[in-house]
Amino acid sequence: MGIRTWMLRRAMGRLRITDDIVRYLSTFQRLGETVEVEVPGELLPVGARTVFRAVRTRAAAQLGMDWVWPWWLERQLDPRSPAFVPRGHLPLLTNVTGRAWTMVGNPRSSRKAIVDPRGLVTPWYDGWSLDWWVEAQDGWHVPSRDVGVDQRLVDGTPVVETTVGVPGGQAAHRVYAVTTGVAGAGVGTEVAVVELENRSPAAIAVALAVRPYNPEGLAVVERVALEDRRVMVDGRPALLLPRPPSAVTGSTFAGGDSAGTVLRGGARARSHVSVRCDVGLAQLALVLPLAPSATLRAVLPLVAERRTRRRRLARRRAERVPELPAALPSSAATARDWRTRTDRGMDLSLPGGRLADAVDACRRFLVLFHEGNEVRPGPFTYHRFWFRDAAYLLTALNRYGFHAEAAEVLASYPERQGHDGFFFSQRQEWDANGAALWALAEHWRLSRDDELVVRLAPTIARAAAWIEHKRHTKPRSRRSDPALRGLMPAGVSAEHLGPFDYFYWDDFWSLRGVLDAASLLRVAGDEPAAARADEWAAAMRADLWSSLERTSRHLGTLVIPAGPHRRVDPGIIGSLVACHPLGLIAPLDPAMAAFMMGSAFFHGISHTGLGTYLTLQLAFVELAAGDRRALDRLEWLVGAATPTFTWPEAIHPRLGDGCMGDGHHGWATADFVSFVRELLVRETDEGLALCTMLPEEWRGRPITVRRAPTHKGALSFQLWWEAGRAVLRWELRQHPGVGTVRLTAPGLDAGWSSTELRGEADLAAGALARSGGWSS
């Protein structure tokens, strides 16, 4: 017995946790290769926050049955709702039925606010939220409980509008982020604006409520105060109003929910209110009248200062916050500004409909996921950097022509690399180096950014050498296992693969990374380093293919499991990366056949829901194989999107709402826009495939693609229809050094191809060469 085991047993004994209870933990550890792998320390704070928040939410919710809770919690607590979740003996309560939200923010900024499906705004990470309730002629409307609530994006931009029906019209609530002149010391200039509009013929009143919760669970709000037109939360400026409220009420957990006072008409006119709650559930509601057709705007600073218990410091902070500026940009002006900023890169003109609207919105969300020298796969739950997620997001940015944003992140990679060559975002994440190298290579293939590759050549060489060294590093107990020879060590990698284990996912990414490192080092002019990388890649491919053959014989199937010691389980979805995007296995390889299942992929490991980007992983492979079920996957995904075109990581199979991950998931967004791009233009071994498949609603309708970055160069084409036949006009501006490129259009005419750089073709009559181009 080791000293650590002895100390653990000793501590548990003092807590009266006997050996038979300890066996649950010890046998759990043996489900994977956890004897050899330690839990990454980076995940401990995240896990602790999640568990402690869920315990606190469970305790408060069962005692606060008269509270107005957020939309997701209202449903999970209501036994009449299909989203009701019995809690039983479990001490936890967290959002597993309504993980859906939409981020707002400024380009290149890491400061994000999120808006839930009913307009609840959370401006600070894991903090308080601003709710809204509307009083009309027929009484109070509470969006988290009402049925007649709609949400949309304004003009396909990160401006979120939520509306509630009132007699004769609507109350509209819009949220967006701007950089403005609200700049007190410590407050900064980035703010979220809440714009309220009365679209009815009668006056209404709107209550803006500071609430101690968010879409994940309860937040800690110990103190909230109103100073004339400024609201402070735990000593930090939180809300600036355009005028003093007509009525105010505040409360603590022991005093009951302030919503009850508002809804009963008990709020009173006061200019100064201060509430302190030791339980951390302080609340404040402010009522503002709104005349017919009137609009008002309130501001939430997105820079959260450190909490303070010092009253003098809190008072000084409040005093130095300036008045709300009269020149706040409107939601319409902000939407126009977003369109101006993002109408660049690849230009698409698609047939109108929900699919086109989703593409329009998501290309802007791509830009919003970019945060200067980082790209993060979520605004809330996953608001941190991983090389794996970054690979998908950066490649999507490059495919849509946002090369500068991608280059800014990639240029930071040397700073993220350890002295041993490991790209570090999380311990035991052995796919990181392969993902980073592939993302760099895709950036070069799509943009021909030679300068960046030359500058990063030493980083690239160290990363490839680290992979070669790491795949030969294994615990002594595993070195004799022939199925593991030459593979990457056991690790954690993507959580959708299962418990700690040896994963082929890591090997596929690592092999692709070394192959791409060789190509990049040649671009940089370092032929000796490129030759070494080629040798490493050849040896690794031989070891990996030997393991795959051995595993196939052992299982009696060509299906590639998650790892050499795994059976066929949902983790096989990870093996599809070998086909797409890594191109190591052809899409018609029989090892892929078993993955073609249903319209959506149900993932029973970790996600326990219908995978969003995992379903698209199937669709990419089917698209390359010419299997039209790829369009079924796309149709399901677009139908499963929120009205603001966001997706969580996984969707509840019965409710259709999010059950796992960040409610606005960057990987899902990136894969969606990448998939639509590959429908229109896709790299093949010989060249480029245009219009590989077309949704039925697009047939007979014109399509225009301009300045589409590809591995071969910038492609533009127009598709229109004459007498029921497709006519295609194209122009390819090749990258330097690219040889003959064969264009095909398998979704229009399987027999047509052309090697002309520009031309026009009646696809029933063959290609007609053109000497002139057309403006792009």
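The values are calculated or read from the model by the stated rules, or taken from the named source; none is laboratory data. This structure is a prediction, so every number in the text was calculated from the model and none was measured. Cβ: placed from backbone, ideal geometry, glycine included. Neighbour counts: every protein chain shown. What goes into the accessible areas is simple: the full protein's heavy atoms, side chains included, and nothing from ligands, DNA or RNA. Shrake-Rupley method; radii C 1.70, N 1.55, O 1.52, S 1.80 Å.
Couple of notes before you dig in:
- Top-ranked residue in the stretch 306-339 [being in a loop (DSSP other than H, G, I, E, B) and open to solvent by 50 Å² or more (accessible area, probe 1.4 Å); ranked as modelled with the highest pLDDT]: A327
- If you go through the stretch 118-145 and keep only what is farther than 17 Å from A219 by Cβ and either more than 28 Å from the chain's Cα centre (by Cα) or in a strand (DSSP E or B) (or both), you end up with W132, W133, V134, E135, A136, Q137, D138, G139, W140, H141, V142.
- The residue list V115, V149, V96, V85 contains one member that is within 12 Å of P379 (Cα to Cα) and within 26 Å of the chain's Cα centre (by Cα), which is V115.
- Of the residues making up the stretch 685-699, just one is touching a residue at least 24 places away in the same chain (Cβ under 8 Å), part of a loop (DSSP other than H, G, I, E, B) and open to solvent by 50 Å² or more (accessible area, probe 1.4 Å), namely E686.
- Of all residues in the stretch 612-639, exactly one satisfies the criterion of being within 22 Å of the chain's Cα centre (by Cα), surrounded by fewer than 23 Cβ atoms within 10 Å (Cβ to Cβ) and of a type in the set (G, A, S), namely G639.
- Answer residue from the stretch 739-770, given it is in a loop (DSSP other than H, G, I, E, B) and open to solvent by less than 30 Å² (accessible area, probe 1.4 Å) and is modelled with the lowest pLDDT among those: L763
- Within the stretch 392-424, considering residues that are touching a residue at least 60 places away in the same chain (Cβ under 8 Å) and not in a helix (DSSP H, G or I), the one least open to solvent (accessible area, probe 1.4 Å): Y400
- Complete set of residues in the stretch 138-169 that are free of Cβ contacts under 8 Å to residues at least 60 places away in the same chain, open to solvent by 30 Å² or more (accessible area, probe 1.4 Å) and farther than 17 Å from P201 by Cα: D146, V147, G148
- Identity of the residue in the stretch 211-230, aliphatic (A, V, I, L, M) and touching a helix residue (DSSP H, G or I) at 6+ places or on another chain (Cβ under 9 Å), that ends up farthest from V273 (Cα to Cα): L218
- Checked against (1) at pLDDT 95 or above; (2) not in a loop (DSSP other than H, G, I, E, B), A60 passes all but a single condition, namely (1).
- Scanning the stretch 549-583 for residues being crowded, with 19+ Cβ neighbours inside 10 Å and farther than 30 Å from R445 by Cα gives a total of 7.
- Comparison of A537, A464 shows that the only residue that is in contact (Cβ under 8 Å) with a residue 60 or more places away in the chain, buried (at least 22 other Cβ atoms within 10 Å of the Cβ) and in a helix (DSSP H, G or I) is A464.
- Of V303, V279, all but one fail to be open to solvent by 70 Å² or more (accessible area, probe 1.4 Å), at pLDDT 70 or above and assigned to a loop (DSSP other than H, G, I, E, B); the exception is V279.
- Residue match in the stretch 590-597 (condition: assigned to a helix (DSSP H, G or I), surrounded by 15 or more Cβ atoms within 10 Å (Cβ to Cβ) and touching a Ser or Thr at 6+ places or on another chain (Cβ under 6 Å)): no
- Count of residues meeting criterion [at positive phi and within 36 Å of the chain's Cα centre (by Cα)] in the stretch 222-280: 3
- Restricting attention to the stretch 218-230, the residues being modelled with pLDDT of 95 or more and touching a Leu at 6+ places or on another chain (Cβ under 6 Å) number 1.
- Residue within the stretch 491-501 that is at pLDDT below 95, surrounded by 22 or more Cβ atoms within 10 Å (Cβ to Cβ) and β-branched (V, I, T) present: yes
- Restricting the first member to the stretch 255-281 and to residues that are farther than 19 Å from G64 by Cβ, and the second to residues that are open to solvent by 20 Å² or more (accessible area, probe 1.4 Å) and among the charged types (D, E, K, R), the beta-carbon pairs closer than 7 Å and six or more apart or on different chains are S271/D228; H272/E227.
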